[in-house]
Amino acid sequence: VEGNLQTGAEQLDQYLPLLKGKRVAMLANPTTVIGKAHLVDSLKSLGVNIVKVFGPEHGFRGNASAGTQVADEVDALTNIPIISLYGKKNKPSKEDLADVDILIYDLQDVGCRFYTNINALSRLMEACAENKKQLLILDRPNPNGYLIDGPILDMQFKSGIGMFPIPMSHGLTVAEFAQMANGEGWLTNKVKCELKIVKVANYTHD
């Protein structure tokens, strides 16, 4: 319906052509959905070749407690290898990306500095830049997008729950954050990631 909000993931016509014939990897968790269906399942049913999934904090299926290290595994439902980015490593390696043509990031965030989704995004962007891979971000609305508030992080206190000089409530969607990280030179060695973004349709920060 015209005027209704649509997430990036829901706008299949905008990105399915990009995935045709490609080996696809995704950074995903239980919020990576179209309606009630997981995007991994939806894309597989459409013939997309998903070769692996990267899992953030809490894991791909969301079955790990906050702060708990997550191990690599094979997903029981799809038989797709799951590589944890919240365990022995926090960034895809060159070997992880050797058989990947394009990566997808689709995680719901809430616009709070100490949530780790934007940290995972920044490291994925670095890995893509270093290995010359394109990153497709399927954007989602920030439910606190109207609120920019709280102190900007003093970078001498940078940590795993605060990596960037942004306010406590930063007001950005993940795709907006990604563009800011590229533009401000926040990625390691100031590398820049090649981004393709499917914006949220009919979204405003109000």
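If you scan segment 171-193, which residues turn out to be within 17 Å of the chain's Cα centre (by Cα) and either closer than 15 Å to Gly111 by Cβ or without any contact (Cβ under 8 Å) to a residue 60 or more places away in the chain (or both)? Walk me through how you get there before you give the answer.
At the first step, the residues of segment 171-193 found to be within 17 Å of the chain's Cα centre (by Cα) are 171-182, 186-187, 192-193.
If the condition is that a residue be within 17 Å of the chain's Cα centre (by Cα) and either closer than 15 Å to Gly111 by Cβ or without any contact (Cβ under 8 Å) to a residue 60 or more places away in the chain (or both), then Gly171, Leu172, Thr173, Val174, Ala175, Glu176, Phe177, Ala178, Gln179, Met180, Ala181, Asn182 are the ones that fit.
Consider segment 98-114 and keep the residues that are open to solvent by less than 20 Å² (accessible area, probe 1.4 Å) and either within 15 Å of the chain's Cα centre (by Cα) or among the small types (Gly, Ala, Ser) (or both). The one that is farthest from Leu27 (Cα to Cα) is Gly111.
Among the residues of segment 139-163, the ones that are crowded, with 18+ Cβ neighbours inside 10 Å and within 20 Å of Leu187 (Cα to Cα) come to 3 in all.
Of the set (1) at pLDDT below 95; (2) more than 27 Å from Val48 (Cβ to Cβ); (3) not acidic (Asp, Glu), all apply to Gln156 but (1). Against the conditions (1) of a type outside the set (Lys, Arg); (2) in contact (Cβ under 8 Å) with a residue 60 or more places away in the chain; (3) open to solvent by 10 Å² or more (accessible area, probe 1.4 Å); (4) touching a His at 6+ places or on another chain (Cβ under 9 Å), Asn117 satisfies every one except (4). Taken together, the criteria exclude Asn79 from residues that are at pLDDT 85 or above, touching a Lys or Arg at 6+ places or on another chain (Cβ under 7 Å), farther than 18 Å from Glu10 by Cβ and among the polar types (S, T, N, Q).
Per-residue answers, yes or no, for (1) over 27 Å from Arg23 (Cα atoms); (2) in contact with a Phe, Trp or Tyr (Cβ under 8 Å, 6 or more places away or on another chain); (3) of a type in the set (Ser, Thr, Tyr):
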| position | (1), (2), (3) |
| --- | --- |
| Ser122 | no, yes, yes |
| Cys128 | no, no, no |
| Ile137 | no, yes, no |
| Tyr146 | yes, no, yes |
| Leu153 | yes, yes, no |
| Phe157 | yes, no, no |
| Gly171 | yes, yes, no |
| Gly185 | yes, no, no |
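With the requirement that a residue be surrounded by fewer than 16 Cβ atoms within 10 Å (Cβ to Cβ) and either small (Gly, Ala, Ser) or within 10 Å of Ser122 (Cβ to Cβ) (or both), what does segment 179-193 give you? Hits for segment 179-193 are Gly183, Gly185, Thr188.
Pairs linking a residue in segment 150-164 that is free of Cβ contacts under 8 Å to residues at least 24 places away in the same chain to a residue that is surrounded by 10 or more Cβ atoms within 10 Å (Cβ to Cβ), with Cβ atoms under 6 Å and 6 or more positions apart or on different chains, are Ile152/Pro165; Ile152/Pro167; Met155/Pro165. Output yes when any residue across segment 35-46 is of a type in the set (Val, Ile, Thr) and out of contact with any Ser or Thr (no Cβ under 7 Å at 6 or more places or on another chain), and no when none is. No, that holds for no residue.
Do we have any residue at all in segment 90-113 that's in contact with a Lys or Arg (Cβ under 7 Å, 6 or more places away or on another chain), among the hydroxyl-bearing types (Ser, Thr, Tyr) and without any contact (Cβ under 8 Å) to a residue 60 or more places away in the chain? Taking every residue of segment 90-113 in turn, none turns out to be in contact with a Lys or Arg (Cβ under 7 Å, 6 or more places away or on another chain), among the hydroxyl-bearing types (Ser, Thr, Tyr) and without any contact (Cβ under 8 Å) to a residue 60 or more places away in the chain.
The values are calculated or read from the model by the stated rules, or taken from the named source; none is laboratory data. Note that the coordinates shown come from a computational prediction; the quantities given were computed from them, not determined experimentally. With ideal geometry, Cβ positions are generated from the backbone for all residues, glycine too; neighbour counts draw on all protein chains shown. Note: areas computed on protein heavy atoms with side chains; ligands, DNA, RNA excluded. Shrake-Rupley method; radii C 1.70, N 1.55, O 1.52, S 1.80 Å.
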